[in-house]
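A.B. asks: Shown below is the structure under consideration.
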Amino acid sequence: MKRRRFLKAIAATPAVPALVAQQTAPPGRGGGGRGAQEVAHIELAEAAEFAEPVSKFFSAQEFAALKKLSGLLVPPVAGNIGALDCDAPEFLDFLISVSPPDRQALYRNGLVALNTQARRQFGKLFAELDAAQADKILQPLLTPVAWAYDPPKDPVKHFIYAAQQDIRTATRNSLEASTAGASSGRRGFSGAGLYWNPVDPV
């Protein structure tokens, strides 16, 4: 009896109907009269709009060399975006971090070799070279390959070949390239509406 009186007293208070009205949604359409809670609409945004990506796998010097290499191998030409316009180096930093050990070693050793050669020839890191200096290092390493599955035997040339393919693929399949292709009406560089979503391994 005490419990019944307590419930009646609560039901009689004016605050309770107001609270119930706020928390209960009107009956759903065709839902058989069942009520449904209203769900707040949350605006979504790309993380890259508010935060700068940071390297997760490469060291600071290695990542700086990769970023310089990306800008040189896939620059913005003929109205297409370049590798740095779509954070291709940041994507590759993630991709290589989850790649097999031999792929990781190929990239790490290649980037270290670029920095070593830049120091030897110009007394500074590869990322600090101007375009002409970087070209003197890269030109001897760019080797034509007759078949995609038969890369150069030299490990540094192999790295440059692999990196060029990866950087180009990451750029062409980015959201930025897809958006640029859709807005221009062109279908050459990237298929409009087709792109890779960012992947968070955590």
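Quick note: the coordinates plus some simple rules give every number you see, no bench work behind them. From a predicted model like this one, the values you see are computed outputs, not experimental measurements. Quick reminder, even Gly has a Cβ in these numbers, built from the backbone with ideal geometry, and neighbours come from all protein chains shown.
A.B. asks: Which of the pairs 67/124; 67/153; 68/136; 124/153; 67/136; 56/157 have their Cα atoms more than 21 Å apart in this structure?
C.D. replies: Where the Cα-Cα span goes over 21 Å, the pairs concerned are 67/153; 124/153; 56/157.
A.B. asks: What's the ranking of 152-158, 106-112, 75-81 by average number of surrounding C-beta atoms within 10 Å, highest first?
C.D. replies: Sorting 152-158, 106-112, 75-81 by mean packing, highest first, produces 106-112, 152-158, 75-81.
A.B. asks: Which of the peptides 117-127, 61-71, 170-180 is most tightly packed, and how do the rest follow, going by the mean number of other Cβ atoms within 10 Å of each residue?
C.D. replies: 61-71, 170-180, 117-127
A.B. asks: Cα convex hull of the range 47-184: mean projected area in nm², to one decimal?
C.D. replies: Quarter of the Cα hull surface area: 9.3 nm².
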